[in-house]
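Taken together, the values in this text are just the output of simple stated rules run on the coordinates, not laboratory data. Treat the numbers as computed from the prediction; the structure is a model and nothing was measured. Cβ sites come from the backbone with ideal geometry, for glycine too, and all protein chains shown count toward neighbours.
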């Protein structure tokens, strides 16, 4: 009887541990969505298929470079923090890299992967961690077609709203003009 009790307790402990991992990821994402600062990044999406994860749109961000006098010091680090400034159209554009999470400023943990030096200015390529937007399978292809049409005809802007908190980010939604992508599909 004692063995059954121990086995049941071990089983219960293992089950709780297995539930903790996905629950903590969900709660973390929900916290970022509710408390995070919004960053608006302009993009150019395309739509591939991943047989294991379903349909998604690749988020190809327009502003992926940062020019500075001291960018090369960050290229050896995998994770750095990127702060943003707003351009004249209201989009967030890369502003400054930091070794540590800055206080009182929205910053996103990113990877830097190459840099080049031209005319005493250094330029670094930024790899954003949020490069996929998953969609319901039946809507992914029409979404791709709509986005391609909008971008080719320069009718409206396509952008992503990203919520950022403590260096981590969660995609709130992808927009065409002022409409969420799913609403734009219904028009």
Given bins 5 angstrom wide, list per bin the percent of all Cα-Cα distances in the chain, short to long. 1, 7, 13, 15, 16, 14, 11, 8, 5, 3, 3, 2, 1, 1, 0, 0
Quick check: pseudo-label points 7 Å beyond the Cα along Cα→Cβ at residue 132 and residue 155, how many nm apart are they? 2.9
Tell me what the chain gives for mean residue ellipticity at 222 nm when only DSSP H runs of n ≥ 4 count, each as -39,500 (n - 2.57), the sum divided by the residue total, rounded to 500 deg cm²/dmol. -10500 deg cm²/dmol
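What number, in percent, do you get for the relative contact order of the chain if the mean sequence gap of Cα pairs under 8 Å and at least 6 apart is divided by its residue count? Intermediate values should be presented prior to the final figure.
Details: 335 pairs, mean separation 46.7, N = 187.
Worked out over the chain, it gives 25 percent.
Calculate, in nm to one decimal, what residue 38 and residue 65 gain on full extension: separation in residues at 0.36 nm each, minus their alpha carbon distance.
On the way: separation 27, 0.36 × 27 = 9.72 nm, distance 2.01 nm.
Full extension of this stretch gives 7.7 nm more.
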Segment residue 105-residue 79, extension gain: residue separation times 0.36 nm, minus the distance between their alpha carbons: 7.6 nm
Estimated inter-spin distance, residue 178 and residue 145, nm [label 7 Å along Cα→Cβ]: 2.7
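If you stretched the chain out fully between residue 185 and residue 121, how much longer would it get, using 0.36 nm times the residue separation minus the C-alpha to C-alpha distance?
On the way: separation 64, 0.36 × 64 = 23.04 nm, distance 4.26 nm.
Additional length available on full extension: 18.8 nm.
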Pairwise centroid distance, computed over Cα atoms, of the range 1-45 with the range 120-180, Å: 26
Just to confirm the number: angle between the C-alpha axis of helix 137-153 and the first principal axis of the chain, 0 to 90 degrees, nearest 10? 10
